[in-house]
Structures are given as structure tokens and as C-alpha cells.
Amino acid sequence: MNKIVLKILFLLIFSISNSQTNPTLEMAKSMSNTEVGISDLTDFVTNNISDKEEIAKFYYYWINLNITYDFEKRDKWRTEIATDEEINGSENPILVFEEKKAVCIGFSSLYKMFMDSSDIDCVIITGHVKTIENLTLELELDDNYRHAWNTIKINNFWLLVDTTWSQQFEESISDFYFNTSPKRLILSHYPEENKWQLMENPITIKEFNKQPYVHSFYFDTGFGELPQLTKDEEYYYIEFPKIESNNWLTKLTYDSENKINESIFPEYVEKDNSNLFKFKKNGIPKNAILNVVVTYFDWEKQTKSEYNNIIKYQL
């Protein structure tokens with residue numbers, strides 16, 4: 001699980017950080033202390049929230065605020081085979097609640113326990129994820145990239161939720177992984193059962209691997225669609241949709257066997273609804289990784305903050 005540390009400036013971007021506009025988050029914060037037991041929490045929800053989706057979101061926030069990711073256990077399990085006792089403990093939502101730390105299956109199990117307590121249908125989905133360290137999945141070999149998340153049924157529709165990956169930022173909670181659209185979640189999450197893609201036409205693992213790696217930060221900044229990468233005999237072309245805020249800028253770099261974040265200086269074409277970059281294929285090594293860098297530029301102060309590797313394409 002990768003995190004981006006956001007500077008205070010960027011807290012203003014996420015409405016979730018504004019307590020005046022997010023009462024559900026404030027309720028979750030009010031119940032975030034070591035004195036709160038499971039029955040205290042479920043009673044609070046029963047007495048204060050009636051809307052099923054808001055209940056589901058309350059627990060999404062509460063888990064983010066109170067359960068930390070157990071990197072020590074993850075790293076241990078990457079080198080040692082877990083015992084049955086360890087596996088059972090990691091899946092036990094009561095232990096997760098008491099210890100306040102977990103790996104993904106613990107996050108998902110705890111969320112399901114809370115959903116069950118509120119009579120919300122909930123399923124734990126298991127599968128694999130694409131990360132910045134592993135851009136191509138091999139299902140039979142990549143046990144280190146196994147993952148668990150949830151789907152919940154609200155108003156007869158299944159919604160996708162990942163309470164583990166909600167912790168993408170150090171200083172705020174992203175709403176991206178609550179009711180994530182199937183089209184966006186399939187960029188990173190590949191379930192074992194195709195039906196949990198929730199796609200009209202499920203994709204294969206081969207199609208999944210052809211997709212770029214995309215950090216949720218790209219969508220959180222306001223970009224609605226992915227840039228389109230195409231090529232001809234001479235050039236690569238990448239086209240970014242324009243967004244309402246002109247403070248967000250994009251640039252390109254590449255990684256190769258001998259270079260990391262090497263700058264690309266493309267030709268630039270501005271269109272009505274998009275910006276097109278094009279750059280020569282022979283200027284980049286074969287099998288390079290194309291990186292999309294997102295920059296926030298404060299025009300008034302003439303300062304910028306840069307975030308690397310937000311999208312990665314395998315050329």
C-alpha cells in the first residue's frame with residue numbers, strides 16, 4: 001500500500017477535510033477513542049444514522065481513523081509462511097478491533113462485521129492488485145500482491161469499497177475507495193471471481209495488465225478520464241482531458257534500465273477539451289516506463305508541489 005504525503009495546502013482540495021461539509025466524518029471522529037467498544041459504536045450508529053449508505057460511509061471513515069495498516073505483519077508474511085493461528089487471527093474482526101491494526105483481510109473482515117450489524121449485505125472480495133512495484137500481475141506467482149476488499153448492497157446495487165486503500169494519504173481520507181466505480185477500480189484491483197468486477201463485460205488478466213498503473217490521486221485532483229496513450233510509426237501521443245482548475249499541470253518522464261524519472265520534452269498541442277503531448281519513439285529506450293507527473297501550481301505565489309508516478313504506462 002503506497003501513501004502520498006499531502007502538504008497542508010492540499011487539504012483544501014478534499015472536501016472531506018472540511019468538517020462543515022462532512023458531518024458523517026465528524027461523527028466518526030467523535031467516536032474515535034480507545035474507550036469506545038464495539039457495542040458503543042454500533043449503538044451510536046443505530047441511534048444517529050438511518051440512511052444505509054451513510055452508515056456504510058461512517059464505518060469506512062471510522063476504520064480509516066482507528067485501524068492502522070500492519071506493515072510488520074505484511075513484511076513477515078512475504079518471507080515466512082503464516083501459521084493457521086496467525087491467519088485466523090488476522091481474519092478475526094474482534095481481534096482487529098481490539099489491536100487496532102490489521103492487513104487487508106482484517107480491514108475487510110471488520111468492515112463486514114459492521115455491515116452485518118447494520119443489516120447491510122456485504123461480501124469480502126479476494127484477488128490481486130497492481131501496484132507501483134508490480135505493474136504486471138502473474139496470478140499464480142504474485143502472492144505478495146494478493147488483496148481483500150468489500151462489496152456492499154445498497155438499494156439493490158452492489159457498491160465497491162476498499163477500507164485498506166482508503167489510507168492513501170497521511171493527512172486526509174480519500175473518498176475514492178468508497179463506492180468506487182467498477183471502471184476505475186478495475187485499473188488496480190483484479191478479483192478472483194469475475195462477477196465481482198461488476199462490469200458488464202469483465203476483462204481478462206491480459207487486458208488488465210495492458211492497463212496503466214493509476215494512483216487514485218489522479219482522480220482526486222479532478223481529472224475525470226484517463227489520458228489516452230496511442231502511437232504510430234514515429235511518435236507516441238498522450239492526450240489529457242482539461243479540468244476546471246488550471247492549477248493542475250502535467251508533465252512526462254520515463255524510467256529505463258539506466259535512468260529514473262528522465263525528463264521528456266514533448267511537442268504540445270492545445271485542443272478545445274484536451275491537451276495533446278507527442279514525442280518521438282526513438283528518443284526513448286525500448287520497454288521504458290512512461291510516468292505521468294502531476295503538479296499543483298500556485299499562480300499567485302509562484303510556487304509548485306510535484307507528485308511523481310501518478311500514472312505509469314509500459315511502453
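The values are calculated or read from the model by the stated rules, or taken from the named source; none is laboratory data. Predicted, not measured: the structure shown is a model, and the values here were computed from it. Methodologically, a virtual Cβ is constructed for each residue, glycine included, from the backbone with ideal geometry; neighbour enumeration extends over all protein chains shown.
Starting from residues that are in contact (Cβ under 8 Å) with a residue 12 or more places away in the chain and exposed (fewer than 11 other Cβ atoms within 10 Å of the Cβ), keep the ones in segment 287-315 and report whichever is nearest to the chain's Cα centre (by Cα).
Asn287
For segment 263-288, which residues satisfy the criterion of being of a type in the set (Val, Ile, Thr) and modelled with pLDDT of 95 or more? Don't jump to the end; show me each part of the working.
Step one: of segment 263-288, the residues of a type in the set (Val, Ile, Thr) are 264, 269, 284.
Matches in segment 263-288: Ile264 only.
Right, Asp162: under 13 Å from Ser216 (Cβ atoms), at pLDDT 95 or above and acidic (Asp, Glu) or not? Break it down into steps so the answer makes sense when it comes.
Working: under 13 Å from Ser216 (Cβ atoms): yes; at pLDDT 95 or above: yes; acidic (Asp, Glu): yes.
When the stated conditions are applied, Asp162 passes them.
Filter segment 238-275 down to the residues that are part of a strand (DSSP E or B), farther than 21 Å from Lys304 by Cα and more than 26 Å from the chain's Cα centre (by Cα) and list them by number.
Glu267, Val269, Glu270
Hey, could you check segment 45-65 for residues that are hydroxyl-bearing (Ser, Thr, Tyr) and crowded, with 16+ Cβ neighbours inside 10 Å and say which is farthest from Ser108 (Cα to Cα)? Full working, then the answer.
We begin by selecting, within segment 45-65, every residue hydroxyl-bearing (Ser, Thr, Tyr); these are 46, 50, 59-61.
Next, only the ones that are crowded, with 16+ Cβ neighbours inside 10 Å stay: 59-61.
On the way: Tyr59: 11, Tyr60: 10, Tyr61: 13 Å.
Per the stated criteria, the residue is Tyr61.
Please count how many residues of segment 53-107 are in contact (Cβ under 8 Å) with a residue 12 or more places away in the chain, aliphatic (A, V, I, L, M) and more than 16 Å from Ser174 (Cα to Cα).
Residues that pass the stated criteria total 6.
Going through segment 272-286 one residue at a time, which ones are within 21 Å of Phe223 (Cα to Cα) and loosely packed, with under 11 Cβ neighbours inside 10 Å? Lay out the reasoning, then the answer.
In the first step, residues of segment 272-286 are kept if they are within 21 Å of Phe223 (Cα to Cα); the result is 272-278.
Result: Asp272, Asn273.
Can you pull out every residue in segment 150-183 that is more than 25 Å from Glu72 (Cα to Cα) and either in contact with a Gly (Cβ under 7 Å, 6 or more places away or on another chain) or among the hydroxyl-bearing types (Ser, Thr, Tyr) (or both)? Spell out how you get there, then give the answer.
Going residue by residue through segment 150-183, those that are more than 25 Å from Glu72 (Cα to Cα) are 151-160, 175-176, 178-183.
If the condition is that a residue be more than 25 Å from Glu72 (Cα to Cα) and either in contact with a Gly (Cβ under 7 Å, 6 or more places away or on another chain) or among the hydroxyl-bearing types (Ser, Thr, Tyr) (or both), then Thr151, Thr180, Ser181 are the ones that fit.
Evaluate the following for Lys130: is it in contact (Cβ under 8 Å) with a residue 24 or more places away in the chain, buried (at least 17 other Cβ atoms within 10 Å of the Cβ) and in the same structural domain as Asn66 (by TED's automatic domain parsing)?
So Lys130 passes the test.
Being of a type in the set (Ser, Thr, Tyr), under 25 Å from Val103 (Cα atoms) and not assigned by TED's automatic domain parsing to the domain that holds Ala56 narrows it down to one residue among Ser174, Ser166, Ser188, Ser216; which is it? Can you show your working first?
Values: Ser174 fails: not assigned by TED's automatic domain parsing to the domain that holds Ala56; Ser166 fails: not assigned by TED's automatic domain parsing to the domain that holds Ala56; Ser188 fails: not assigned by TED's automatic domain parsing to the domain that holds Ala56.
Ser216 is the lone residue from the list that is of a type in the set (Ser, Thr, Tyr), under 25 Å from Val103 (Cα atoms) and not assigned by TED's automatic domain parsing to the domain that holds Ala56.
If we keep just the residues of segment 150-168 that are within 14 Å of the chain's Cα centre (by Cα) and assigned to a strand (DSSP E or B), which is farthest from Ser108 (Cα to Cα)?
Applying the first criterion (within 14 Å of the chain's Cα centre (by Cα)) to segment 150-168 yields 150, 160-168.
If we keep only those that are assigned to a strand (DSSP E or B) too, we end up with 150, 160-161.
Working: Asn150: 6, Leu160: 12, Val161: 9 Å.
Checking each candidate, the answer is Leu160.
Checking His147 against (1) in a helix (DSSP H, G or I); (2) touching a Gly at 6+ places or on another chain (Cβ under 8 Å), only one condition comes out false. Which one?
Failed condition: (1).
Evaluate segment 134-146: report whether one residue or more is of a type in the set (S, T, N, Q), within 30 Å of Ala288 (Cα to Cα), assigned by TED's automatic domain parsing to the domain that holds Arg78 and touching a helix residue (DSSP H, G or I) at 6+ places or on another chain (Cβ under 8 Å).
Of the residues in segment 134-146, the ones of a type in the set (S, T, N, Q) are 134, 136, 144.
This time we only want the ones that are within 30 Å of Ala288 (Cα to Cα), so: 134, 136, 144.
Then drop every residue that is not assigned by TED's automatic domain parsing to the domain that holds Arg78, which leaves 134, 136, 144.
Narrowing further to those that are touching a helix residue (DSSP H, G or I) at 6+ places or on another chain (Cβ under 8 Å): 134, 136.
Yes, some residue in segment 134-146 is of a type in the set (S, T, N, Q), within 30 Å of Ala288 (Cα to Cα), assigned by TED's automatic domain parsing to the domain that holds Arg78 and touching a helix residue (DSSP H, G or I) at 6+ places or on another chain (Cβ under 8 Å).
What is the residue count in segment 111-135 for residues that are in contact with a Leu (Cβ under 8 Å, 6 or more places away or on another chain) and assigned to a loop (DSSP other than H, G, I, E, B)?
Residues in segment 111-135 being in contact with a Leu (Cβ under 8 Å, 6 or more places away or on another chain) and assigned to a loop (DSSP other than H, G, I, E, B): 1 in total.
Can you name the condition, by its number, that Gly224 falls short on among (1) at pLDDT 90 or above; (2) surrounded by fewer than 18 Cβ atoms within 10 Å (Cβ to Cβ)?
With (1) at pLDDT 90 or above; (2) surrounded by fewer than 18 Cβ atoms within 10 Å (Cβ to Cβ) applied to Gly224, the lone miss is (1).
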